[in-house]
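Readers should treat all values here as calculations from the given coordinates under stated rules, not as data from a laboratory. Everything numeric in this text was worked out from a predicted model, so none of it was measured. Glycine also receives a Cβ, built like all others from the backbone with ideal geometry; neighbour counts cover every protein chain displayed.
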Amino acid sequence: MTENSTGDAPTNLQEDDAVAALAALAHKDRLAAFRLILTAMPNGLPSGQIAKDLSIAPTRMSFHLATLERAGLLTAQREGRVVRYAIAPHTMRGLLRFLTEDCCSGDPTMCLDFNPFPCR
């Protein structure tokens with residue numbers, strides 16, 4: 001994956017990276033974990049809290065979180081005995097950009113109503 005000079009957003013997500021990210025999200029527990037961690041941006045959540053909130057055994061959740069991390073969708077930071085997982089925003093945005101780059105035949109006026117990041 002190529003990042004821009006500021007390091008905050010990829011300039012180009014390669015097809016293999018997109019496939020890896022989509023494959024990692026293609027499991028209900030991993031998708032639920034990803035969506036839960038999104039609610040805690042930018043700080044993320046400890047792995048134990050994620051497992052508890054989703055009613056998933058901690059060892060099973062650790063496996064799923066590691067899969068999301070390997071796909072570049074999460075970052076992990078050890079805080080003593082706790083691992084905190086956070087969304088890797090550059091990969092998430094890159095995946096959305098990859099999926100929508102050819103939207104509306106390249107005519108941005110056709111996509112005015114499409115906003116992958118609506119405000120709530």
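For region 31-63, give me each residue that is within 18 Å of Ala18 (Cα to Cα) and surrounded by 14 or more Cβ atoms within 10 Å (Cβ to Cβ).
Leu31, Phe34
Looking at region 47-62, is at least one residue in contact with a strand residue (DSSP E or B) (Cβ under 8 Å, 6 or more places away or on another chain) and under 20 Å from Pro89 (Cβ atoms)?
Yes, that holds for at least one residue.
Quick check on this structure: which one of Asp17, Asp29 is touching a Ser or Thr at 6+ places or on another chain (Cβ under 9 Å), touching a residue at least 24 places away in the same chain (Cβ under 8 Å) and not aromatic (Phe, Trp, Tyr)?
Unique residue meeting the criteria: Asp17.
Within region 40-81, how many residues are touching a residue at least 24 places away in the same chain (Cβ under 8 Å), hydrophobic (A, V, I, L, M, F, W, C) and more than 24 Å from Leu13 (Cα to Cα)?
Matching residues across region 40-81 total 6.
When you scan region 82-107, how many residues do you find that are of a type in the set (D, E, K, R), closer than 15 Å to Phe34 by Cβ and free of Cβ contacts under 8 Å to residues at least 40 places away in the same chain?
0
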